[in-house]
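Written below as structure tokens is the structure these notes are about.
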């Protein structure tokens, strides 16, 4: 997902202020945030345009089936959906999350609780 900044802006993102210059192209989650909040940006692809128009809010997300393989880089909700109430899956997801450079602390806490269940 990509957007182009239309004027100098300084949004609060990821616990800090990010200075963006007019004409700068932004990608990833920051681009999604800027598009979904209708900041002073121009969507550069269909996904960004859908968020900018608010259409993404109206379409239900379709997470992968719970019986598929673990995608530890997926959204925390998707990881938790994959785990369900299975302590073995929770332990597998917990190990994978903790092996990352920057584990998500909230997800780790939730997985620890699920892994401890009998």
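Observations, loosely collected:
- A count restricted to the range 38-53 and to residues that are within 25 Å of residue 74 (Cα to Cα) and touching a residue at least 12 places away in the same chain (Cβ under 8 Å) stands at 9.
- Just one of the listed residues (9, 72) is at pLDDT 85 or above, surrounded by 11 or more Cβ atoms within 10 Å (Cβ to Cβ) and closer than 24 Å to residue 107 by Cα, namely 72.
- Yes/no for residue 30 being touching a helix residue (DSSP H, G or I) at 6+ places or on another chain (Cβ under 6 Å), surrounded by 11 or more Cβ atoms within 10 Å (Cβ to Cβ) and either at pLDDT 90 or above or in a helix (DSSP H, G or I) (or both): no
- Where a residue in the range 95-118 is exposed (fewer than 10 other Cβ atoms within 10 Å of the Cβ) and its partner, wherever it lies, is outside any loop (DSSP other than H, G, I, E, B), with Cβ under 6 Å and at least six apart: 117/87
The values are calculated or read from the model by the stated rules, or taken from the named source; none is laboratory data. Since the structure is predicted, the reported quantities are computational estimates derived from the model, not experimental observations. Please note: Cβ atoms are built from the backbone with ideal geometry, for glycine as well, and neighbour counts cover all protein chains shown.
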